[in-house]
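One structure below.
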Amino acid sequence: MKFAEFRPGQVIEAGPHAVTEEEVLGFARQWDPQWFHTDPEAAAEGVFGGLIASGWHTCAIAMRLVVQAALHDSESFASPGIDHIRWSRPVRPGDRLRLRAQVIEARRSDTKAHLGILRWRWQLFNQHDAQVLDAMVTSLFRLP
C-alpha cells in the first residue's frame, strides 16, 4: 500500500500464519534461548504447561504479516519504535495467528514535508480469537 492509501480508522487484516514447533525451536535457539522456548520436555513441566514461542518471535510474525498485507510495495523505510507492546497470551506450536492492524494516525511531518508518519495498532489473535499480541507502532514513509 502507498502512504496515501492509509486512513485513520482503517483496518487491515492478514493471515493466518500457522506456528510450527520447528519454527518456535529454531527462532528461540538462535534469538531467545530460554528453556521454556527451547526444551519441550522441560517446558511441559513449567508454568505454561508446554513449549511457548518467544514474544520476539511473535513480533516477527506480526512484522511479516504487516509487510505482506501493507508494506511490501510502500514507501516505508524505517520505524522510530514501538510505544507499547504486550504479549497477552503465550503463542504455542499449532496456533494459527491472524493480524488486525488499525490505523490511528496518518500524516505528513510538520517539519519535513517528504516524511509521512503512520501510527497504527497491531494485534495478533490465535485460532480461538484470543489476543496474543498488542502493539502501538510508528512507521515512517519517504514521500515525494
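The values are calculated or read from the model by the stated rules, or taken from the named source; none is laboratory data. A quick note: this is a predicted structure, and the numbers were derived from the prediction, not measured. Here the Cβ is made from the backbone with ideal geometry for all residues, glycine too, and neighbour counts use every protein chain on show.
Assorted remarks:
- Of residues in the stretch 105-134 being over 10 Å from the mean Cα position of the chain (by Cα) and charged (D, E, K, R), the one surrounded by the most Cβ atoms within 10 Å (Cβ to Cβ): R119
- Close pairs (8 angstrom Cβ cut-off, 6 or more residues apart or separate chains): touching a residue at least 12 places away in the same chain (Cβ under 8 Å) in the stretch 91-107, of a type in the set (S, T, Y) and surrounded by 14 or more Cβ atoms within 10 Å (Cβ to Cβ) anywhere: V91/T58; L97/T58
- Each residue in the stretch 112-140 was checked for being closer than 11 Å to D95 by Cβ and either touching a helix residue (DSSP H, G or I) at 6+ places or on another chain (Cβ under 7 Å) or at pLDDT below 95 (or both), and 2 of them qualify.
- When the stretch 33-59 is filtered for residues that are under 25 Å from Q123 (Cα atoms), in contact with a helix residue (DSSP H, G or I) (Cβ under 7 Å, 6 or more places away or on another chain) and of a type in the set (A, V, I, L, M, F, W, C), the ones remaining, listed by number, are F36, F48, L51, I52, A53, W56.
- Within the stretch 61-104, tally of residues that are surrounded by fewer than 20 Cβ atoms within 10 Å (Cβ to Cβ) and farther than 17 Å from D134 by Cβ: 16
Residue-by-condition table, conditions (1) among the β-branched types (V, I, T); (2) in contact with a Gly (Cβ under 7 Å, 6 or more places away or on another chain); (3) loosely packed, with under 15 Cβ neighbours inside 10 Å:
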position: P33; (1), (2), (3): no, no, yes
position: H37; (1), (2), (3): no, no, no
position: G49; (1), (2), (3): no, no, yes
position: I52; (1), (2), (3): yes, no, no
position: C59; (1), (2), (3): no, no, no
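- Meeting the requirement of 2 or more residues that are among the hydroxyl-bearing types (S, T, Y), the strands (runs of 3 or more DSSP E) wholly within the stretch 2-109 are 76-86.
- Any hit, the stretch 107-115, residues being more than 30 Å from G46 (Cα to Cα) and touching a Lys or Arg at 6+ places or on another chain (Cβ under 8 Å): yes
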